[in-house]
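J.: Below is the structure I would like to discuss, written out as structure tokens.
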Amino acid sequence: MSPYGSDRSSRRPMRRKLPQALAAGLVLATATGCTYKDFPRLGMPTPVTEEAPRILSLWQGSWAAALATGVLVWGLILWAVIFHRRSRTKVEIPPQTRYNMPIEALYTVVPIIIVAVLFYFTARDESELLKVTKKPDHVVNVVGYQWSWGFNYIENVDGDTTTPDKLAKQLESIAPKKLEGMPGGAEGVYETGTPGEMTPGNPSPGPTLWLPKGERVRFVLTSRDVIHSFWVVPFLMKQDVIPGQTNVFEATPSKEGTFRGKCAELCGVDHARMLFNVKVVSPERYRAHLKDLAKQGQTGYIDAGIPGLGTGNFPGHTGVGGDDESSAHGKSHDAESDK
């Protein structure tokens, strides 16, 4: 009996299981909810803003680089397993090498190159995505609070550019630079929600943020309590909503429809219920919706959140706000929504 008989017998069960493992892996890779149209997007949602394809392209490049690296590593592992396995006919000790300078240089230089390339493309795209224009078409203050969302539409709904004559108190926590480019005479309207509040026709509970198709919107993100994260899923982008710090980004919706939004930062016991909807409509329907909010008495603004560094009033500014009555109405509604 060969002294290696036991080794051979121990290999046989592994060989029999190998086809089963490969078949299971194939089923796992193919039996998903993705169609062939989803593969180029790597299962990510269809982009619905003009900026989202840049994000998708960054992800595709990162996955391609990761796949190439994985194939290289797998190939080296299989090469070592096949060509450097122990001989069946004799017992031998392989050559012992204390160091190999080319190999050590390779696994030091290659990771540095990979990280540098990924950093370059990420920094390049991030700088483009976070650029803000001096005059966006619309300004929306997104307010996060435990555990829902409020939306202040900083818009001139009535068309009168002479009102109001001062910055609304509810927006004083926002740094003036973040509100740059808001329309003159913006008395504003607002919308709020509560967890679990369903609206017919919407895929998720919570409030609905209306946006106009083809027009650039600046999102001014503020929080009343803890850190949240504003994430509209098909925007392919999310940004933290931090108390005492105002984050800003701009996007141009390119496709009409109703889309899901959620908080992507663990913010408390009802974090999972902190959902909202985004409805992208024509510019005409968007303006009509703002007028509907005004008719419902939702004029003025809800409280934007916790003040941070660099906040304060504009001296003599007449661009945004509401009269005392509308401001008081917004504040009273805010108090009710917190209960």
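The values are calculated or read from the model by the stated rules, or taken from the named source; none is laboratory data. None of these values were measured; they are calculated from a predicted model. Positions of Cβ are generated from backbone atoms using ideal geometry, with glycine treated the same way; all protein chains shown enter the neighbour counts. Surface areas here come from the heavy atoms of the whole protein model, side chains and all, with no ligands, DNA or RNA. Shrake-Rupley method; radii C 1.70, N 1.55, O 1.52, S 1.80 Å.
J.: Condition first: open to solvent by 20 Å² or more (accessible area, probe 1.4 Å) and assigned to a strand (DSSP E or B). Now tell me which residues in segment 240-250 satisfy that.
T.: D240, I242, Q245, N247, V248
J.: Tell me which of these Y286 doesn't satisfy, since it passes every other one: (1) outside any strand (DSSP E or B); (2) under 18 Å from L129 (Cβ atoms).
T.: All conditions pass for Y286, except number (2).
J.: Is at least one residue of segment 174-184 at pLDDT below 90, within 21 Å of the chain's Cα centre (by Cα) and basic (K, R)?
T.: Yes, that holds for at least one residue.
J.: With (1) under 23 Å from E187 (Cβ atoms); (2) surrounded by 11 or more Cβ atoms within 10 Å (Cβ to Cβ); (3) in contact with a Gly (Cβ under 7 Å, 6 or more places away or on another chain) as the list, and K134 as the residue in question, which single condition is left unmet?
T.: For K134, the exception is condition (2).
J.: Another question, if that's okay. Which of the residues that make up segment 251-268 are free of Cβ contacts under 8 Å to residues at least 40 places away in the same chain and open to solvent by 70 Å² or more (accessible area, probe 1.4 Å)?
T.: Keep residues of segment 251-268 that are free of Cβ contacts under 8 Å to residues at least 40 places away in the same chain, which gives 264-266.
If the condition is that a residue be free of Cβ contacts under 8 Å to residues at least 40 places away in the same chain and open to solvent by 70 Å² or more (accessible area, probe 1.4 Å), then L266 is the only one that fits.
J.: Taking the residues in segment 72-94 that are open to solvent by 80 Å² or more (accessible area, probe 1.4 Å) and of a type in the set (V, I, T) as candidates, determine which candidate is farthest from I113 (Cα to Cα).
T.: T89
J.: Next question, about the same structure. Go through the residues of segment 98-109 one by one and say whether even a single one is in a helix (DSSP H, G or I), over 30 Å from P212 (Cα atoms) and open to solvent by less than 40 Å² (accessible area, probe 1.4 Å).
T.: To start, the set of residues in segment 98-109 that are in a helix (DSSP H, G or I) comprises 101-109.
Now drop any that are not over 30 Å from P212 (Cα atoms), which leaves 101-109.
Adding the requirement that they be open to solvent by less than 40 Å² (accessible area, probe 1.4 Å) leaves none.
No - not one qualifying residue is present in segment 98-109.
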